[in-house]
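Read through the structure below, which is laid out as structure tokens, and then see the notes.
The values are calculated or read from the model by the stated rules, or taken from the named source; none is laboratory data. This structure is a prediction, so every number in the text was calculated from the model and none was measured. Ideal geometry is used to build each Cβ from the backbone, glycine not excepted, and the neighbour counts take in all protein chains shown. Please note that ligands, DNA and RNA were not included when accessible areas were found on the heavy atoms of the full protein model with its side chains. Shrake-Rupley method; radii C 1.70, N 1.55, O 1.52, S 1.80 Å.
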Amino acid sequence: MAINRRHFLCRTFAGAAVAGLASQLPLSWPLFAASPAQPKISLAQWSLHRQLRSGQLKVLDFAVKTRRDFQLGAVEYVNQFFADKAQDQAFLRQLKQRADDSGVSSLLIMVDAEGDLAAVDAKQRQQAVENHYKWVEAAAFLGCHAIRVSIADNAKTDALKMQQAAVLGLQQLAAFAAPFGISIIVENHMGHSMDANWLATVLQQAGNIGSLPDFGNFSGDKYQGTQLLLPFAKGISAKTYAFDDKGAESSIDYQRMWQLIQNAGYQGYIGIEYEGENADEDAGIRATRDLLLAVANHAGR
């Protein structure tokens, strides 16, 4: 059943009014704290990649901006924006302090460009595993619960061989991460991992490895793919690209996604990952946040 547009707009405009008031409130004000009718929402750092790459936004100010401008209390870091800082204790201490001072929880680090954990060549895979160690340690220092990894990006390599290699690589990394209290979670990102059946098989065989279903990164049906990965989910990436004149995502049925999430019994954070062509990233983030709130509120009535 489609969202009643009148109720949708009323809730969206009401949310916008409250958001305006929020700029006058302390940073610690829990404006969007979760409730039975309200999801726990985090912000993925990638949503602000233009501002970060241009220098308009400093990495150390990410958590501050998340609370101040979007009234959200949890963040997901992306290692691309501080790739050389994994072992820089002074930097990590500042990053953690900024988040703590803003009342923002650090949930995870999305790790890219550290080699393929599903590499068929054993030496390459071993190197990739070891390259991730420093990010496990950084995540633990920041108080995160997980690092997000990407596997099998090269779709030209045999799928079955990469599946078998992925199980080995993930198990080895998870064994290293366990004493730190860090979970290893896999996103359907590129290559073979965009095939939900392929990835679900890897997760089943690896054991104790989580998923981070991304609404936008499936090679097949996105709803079936999300449903397959949700039983393993320790995070969710709510991808958005563009919105219609009513505030709904143009290419993803968020009400359907929300129902899948509810049916799976998932109760963790849902991370905003705005990836639209509109250069106004702040507007895209707010639109995604308001859409999530509207869909959840509609379902809770």
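What the table shows:
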quantity: Distant-in-sequence amide H partners of Tyr274 (H built 1.01 Å from N, under 5 Å); calculated: Ser47, Thr240
quantity: Accessible area of the chain belonging to carbon and sulfur atoms, whole % at 1.4 Å probe; calculated: 50
quantity: In nm, spacing of pseudo-spin labels at Gln126 and Phe91 (7 Å Cα→C-beta vector); calculated: 2.9
quantity: Using alpha-carbon coordinates, inclination of helix 122-142 to the longest axis of the chain, degrees; calculated: 40
quantity: Derived scalar couplings ³J(HN,Hα) [region 100-106; Karplus, 6.51 cos²θ - 1.76 cosθ + 1.60; whole Hz; x for Gly, Pro]; calculated: 4, 5, 8, x, 10, 8, 8
quantity: Difference of contour (0.36 nm per residue) and Cα-Cα distance, Ala113 to Asn154; calculated: 13.5 nm
quantity: Gained length - Ala283 relative to Ala299, 0.36 nm times residue gap less alpha-carbon distance; calculated: 3.3 nm
quantity: Karplus-derived 3J(HN,Hα), 6.51/-1.76/1.60, for each residue of region 152-167, Hz, glycine and proline x; calculated: 6, 5, 8, 6, 7, 7, 3, 5, 5, 5, 6, 4, 5, 5, 4, 4
quantity: Placed amide H near Ser183: partners under 5 Å, 5+ positions off or other chain; calculated: Ala146, Ile147
quantity: At R0 = 30 Å, FRET efficiency that the Cβ-Cβ distance of Asn197 and Gln259 yields, to 0.05; calculated: 0.90
quantity: Inverse mean reciprocal Cα-Cα distance (Kirkwood Rh) of region 223-262, Å; calculated: 11.1
quantity: Candidate lysines for bridging to Lys96, where Cα separation is under 18 Å - those fewer than 8 sequence places away on the same chain excluded; calculated: Lys58, Lys65, Lys85, Lys134
quantity: Volume per residue that the Cα convex hull of region 145-301 spans, once the total is divided by residue count, Å³; calculated: 117
quantity: Estimated inter-spin distance, Ser54 and Tyr223, nm [label 7 Å along Cα→Cβ]; calculated: 3.7
quantity: Rounded to whole Hz, the Karplus (6.51, -1.76, 1.60) HN-Hα couplings of region 279-286, x for glycine and proline; calculated: 5, 7, 5, 4, 5, x, 5, 5
quantity: Over region 103-235, equivalent-ellipsoid semi-axes from the Cα gyration tensor in Å; calculated: 22, 18, 12
quantity: Helix-only mean residue ellipticity at 222 nm for the chain, each DSSP H run of n ≥ 4 adding -39500 (n - 2.57), per residue, nearest 500; calculated: -14500 deg cm²/dmol
quantity: Average accessible area per residue (Å²) across the chain - probe 1.4 Å, nucleic acids and ligands excluded; calculated: 44
